[in-house]
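The values are calculated or read from the model by the stated rules, or taken from the named source; none is laboratory data. Since we're looking at a predicted model, the values are computed, not measured. Every residue, glycine as well, gets a Cβ built from its backbone with ideal geometry; the counts of neighbours run over all protein chains shown. All accessible areas refer to the heavy atoms of the entire protein, side chains included, with ligands and DNA or RNA removed. Shrake-Rupley method; radii C 1.70, N 1.55, O 1.52, S 1.80 Å.
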Amino acid sequence: MILAAAQDTGAANALVPVVNELRRDDLAVVVLLACGKAAQVFTAAGVEHRLVVPTGSSVHEYYADVYEDLVETSPDALLLGTAWGPSLDKVLLRASQRLGIPSVTVIDMWSNYRERFIDPTSGELNLPTKAAVMDQLAFDQAVAAGLPAS
């Protein structure tokens, strides 16, 4: 089972074709979470998703809730979009690393490669297992920005 998630418009637009392809012919069971503007994109595209509303008054409480949900769901992998600042993808990524769940993040824009992975609670770089980029230019720019070529 793949747990996919997005918060922003660009991330959702990048995930729609991937989720649709994975769900086609039952290639994989994909549970898709959305919050913020991503929910509107998924709804408009007719992609089944579950709305997530951040709970608690702090990022730490939100992290605790998401962590517990990941433990219960026990996905085989994560498929994430990216968003600025405190976001669903960062919370899921942090929790998945603690649980040893592999992750793939789809980058949707040719900019701010490193900044997409700065954890707002610690200021540390928090990378997925793999990052998917659009083309060779994005790969070269991401490496130049400090992301590992691997």
Built amide H within the under 5 Å cut-off of ALA132, gap 5+: THR105, VAL106, ILE107
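Where the accessible area of the chain is counted over protein heavy atoms with a 1.4 Å probe, how much of it, in %, is carbon and sulfur?
Values: 4250 of 7680 Å².
Taking all protein chains in place, the chain shows 55 percent carbon and sulfur surface.
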Residue-by-residue Karplus 3J(HN,Hα) for segment 16-23, coefficients 6.51, -1.76, 1.60, Hz, glycine and proline x: 3, x, 5, 4, 4, 5, 5, 7
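Report, in debye and to the nearest 20, how large the dipole of the chain comes out about its Cα centre when Lys and Arg carry +1 and Asp and Glu carry -1 on their Cβ.
Values: 10 positive and 18 negative charges, 35 e Å.
Magnitude of the dipole: close to 160 debye.
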Choice from GLN136, GLN97, GLN40 showing the highest fluctuation, given a GNM over the chain with Cα pairs closer than 10 Å: GLN136
Listed residue (LEU27, LEU15, GLN136) projecting farthest to the positive dipole end of the chain, Cβ model: GLN136
Per-residue HN-Hα couplings for segment 65-77 [Karplus 6.51, -1.76, 1.60; θ = phi - 60°; Hz; x = Gly/Pro]: 5, 5, 4, 4, 5, 5, 4, 5, 6, 6, x, 7, 7
Added length on full extension, which subtracts the Cα-Cα distance from 0.36 nm per residue, GLN97 to ALA77: 6.1 nm
Nonlocal amide H pairs with ASN112, under 5 Å, H built at 1.01 Å: none
With at most 16 other Cβ atoms within 10 Å, longest stretch of the chain clear of loop chymotrypsin sites (Phe, Trp or Tyr not before Pro) (DSSP): 1-83
Top positive-direction residue, dipole computed over segment 64-150 with Cβ charges, set VAL66, VAL106, LEU125: LEU125
